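Every read-out reported here was derived from the displayed coordinates using simple, explicitly stated rules and does not represent laboratory data. All of these numbers come straight from a predicted model, not from anything done at the bench. Cβ atoms come from the backbone with ideal geometry, glycine included; neighbour counts cover every protein chain shown.
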Amino acid sequence: MAIVDVTVIPIGTADPSVSEYVADIQYILKKYEEEEKIKYQLTPMNTIIEGELSVLFEVIQAIHE
């Protein structure tokens, strides 16, 4: 098991609100958690994700895209 600490900062958006992006990320994380591939915790400044390293890279890529 590995742990990553991820912070996503949208750049070049028309609106300063990031709630839409946080909601999209939450959907992705929930999907992986329901498949029992990861455990995660949202915090005010970042997201902590625990899982197998290969899966974590997959999740980070999905969040980035």
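For the range 37-53, backbone phi angles converted through the Karplus equation (6.51, -1.76, 1.60; θ = phi - 60°) give residue-by-residue couplings of 8, 9, 10, 9, 9, 7, 10, x, 10, 7, 10, 9, 10, 10, x, 5, 4 Hz, Gly and Pro being listed as x. The long axis of helix 19-34 is offset from the longest Cα principal axis of the chain by roughly 10 degrees.
Ranked by how many other Cβ atoms sit within 10 Å of their own Cβ, fewest first, the residues ILE48, ILE11, ILE63, ILE38 fall in the order ILE11, ILE48, ILE63, ILE38. Tell me which label goes with the value of Cα extents along the principal axes in Å computed from the coordinates here: (1) 37, 21, 19; (2) 55, 48, 17; (3) 27, 21, 20. Comparing each candidate, only (1) matches the computed number.
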